[in-house]
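Engineer: Below is the structure I would like to discuss, written out as structure tokens.
The values are calculated or read from the model by the stated rules, or taken from the named source; none is laboratory data. These numbers were taken from a predicted model, which means no experiment stands behind them. No Cβ is skipped: glycine too gets one built from the backbone with ideal geometry, and neighbour counts run over all protein chains shown.
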Amino acid sequence: MRALGRIVLVILVIVIAFGCGGKKAGIEGKVVDGKGQPMSGVKIIANQVKPIKGYEQFETTTSSDGTFRFKGLFPTSEYTISPWSDKWKTSAKVTVQSGPQGQTSMLSSPITIRFTLSNDGITDDSRTGLQWAPVFRQHMTWFQANDYSRTLNLAGGGWRLPTRAELRSIYDKSMPNGADPVFDINRNLLWTSEARGPNQAWYLYFEDTNLYEDARYSDGSYGNSGQVLLVRSRR
């Protein structure tokens, strides 16, 4: 009877250890803005890349110092970690592996949320403090683009054509189209506010991130799809 009792006890220990939570691990990380400052109160979602029932999705919120922690994940399994908000969207996310059983893995670097796309289509840049209107896809001369900036009343108006430096500040060669996906630029030319003499103005071509000058009365219809991206200081 004593032997039978010991066997039952061993079985119970195994069930508790492995059947009731033994297969669990964690992931820890931090969320910062474009200036490297911690972002508190941000909802973070972990989606398992290859779903296993009971381990598919977890949610948590960043603390006052921007840190977050997931518990109860499937050990040594890939999860995509994404910030989420009902007020904005971001392309910032990372796919990492949870720790071994009973352990927590640490993100090698913080998740940086530099650009957020609001529900009204405005992109906020937390690094520069600039706001960008949705890209406008239409062939425009420089004069037409400048007039368009003055008449756009989106979220109170105040929009203008960007400078060369401002456009270059959003260029990112690691992105497929040369900029964060929230801009939806598609590697095309964008007018700047800066003229070059009385008849020409500068534009930035996101295909090769080079600056070119063109006649201000040209609408870019000779082969490049002209686009207008307007900017303003954050409000």
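Engineer: Considering each residue of region 36-83, count those that are exposed (fewer than 13 other Cβ atoms within 10 Å of the Cβ) and of a type in the set (A, V, I, L, M), and give that number.
Structural biologist: Looking only at that region, the number is 2.
Engineer: Continuing with the same structure: Could you tell me whether region 221-234 includes any residue that is within 21 Å of I113 (Cα to Cα), at pLDDT below 90 and either of a type outside the set (V, I, T) or out of contact with any helix residue (DSSP H, G or I) (no Cβ under 9 Å at 6 or more places or on another chain) (or both)?
Structural biologist: Yes, that holds for at least one residue.
Engineer: Collect the residues in region 84-109 that are touching a helix residue (DSSP H, G or I) at 6+ places or on another chain (Cβ under 9 Å) and without any contact (Cβ under 8 Å) to a residue 40 or more places away in the chain, keeping them in residue-number order.
Structural biologist: Across region 84-109, there are no qualifying residues.
Engineer: Here is a follow-up. Given the criterion of a type in the set (V, I, T) and farther than 12 Å from V31 by Cβ, identify the matching residue among T62, T80, T112.
Structural biologist: T80
Engineer: Sticking with this one: If you scan region 87-145, which residues turn out to be surrounded by fewer than 15 Cβ atoms within 10 Å (Cβ to Cβ) and among the β-branched types (V, I, T)?
Structural biologist: Within region 87-145, T95 is the sole residue that qualifies.
Engineer: Under the condition of being more than 25 Å from S64 (Cβ to Cβ) and in a loop (DSSP other than H, G, I, E, B), which residue from region 11-51 is modelled with the lowest pLDDT?
Structural biologist: C20
Engineer: Say whether the condition of being in contact with a helix residue (DSSP H, G or I) (Cβ under 8 Å, 6 or more places away or on another chain) and over 13 Å from L229 (Cα atoms) is met by at least one residue in region 160-173.
Structural biologist: Checking region 160-173: not a single residue is in contact with a helix residue (DSSP H, G or I) (Cβ under 8 Å, 6 or more places away or on another chain) and over 13 Å from L229 (Cα atoms).
Engineer: OK, next. Answer yes if at least one residue in region 146-156 is at pLDDT 95 or above, part of a strand (DSSP E or B), of a type outside the set (K, R) and not assigned by TED's automatic domain parsing to the domain that holds V49, and no otherwise.
Structural biologist: Looking through region 146-156, none of the residues is at pLDDT 95 or above, part of a strand (DSSP E or B), of a type outside the set (K, R) and not assigned by TED's automatic domain parsing to the domain that holds V49.
Engineer: So how many residues does region 175-197 have that are part of a loop (DSSP other than H, G, I, E, B), on the phi < 0 side of the Ramachandran plot, at pLDDT 85 or above and surrounded by fewer than 18 Cβ atoms within 10 Å (Cβ to Cβ)?
Structural biologist: 1
Engineer: Next question. Pairs please, first residue from region 36-57 and closer than 12 Å to S85 by Cα, second anywhere and surrounded by 12 or more Cβ atoms within 10 Å (Cβ to Cβ) and among the aliphatic types (A, V, I, L, M), Cβ atoms under 6 Å, 6+ apart in sequence or on different chains.
Structural biologist: V42/V31
Engineer: Separate question: If I ask for residues that are within 23 Å of G54 (Cα to Cα) and in contact with a Lys or Arg (Cβ under 8 Å, 6 or more places away or on another chain), which ones from region 75-106 would you list?
Structural biologist: Within region 75-106, P75, S77, E78, T80, I81, S82, P83, W84, Q101, G102, T104 meet the criteria.
Engineer: Something else: Within the set of pairs 6 or more residues apart or between chains, which connect a residue that is in contact (Cβ under 8 Å) with a residue 24 or more places away in the chain inside region 159-184 to a residue that is of a type in the set (K, R) and not in a loop (DSSP other than H, G, I, E, B) with Cβ atoms less than 6 Å apart?
Structural biologist: W159/R232
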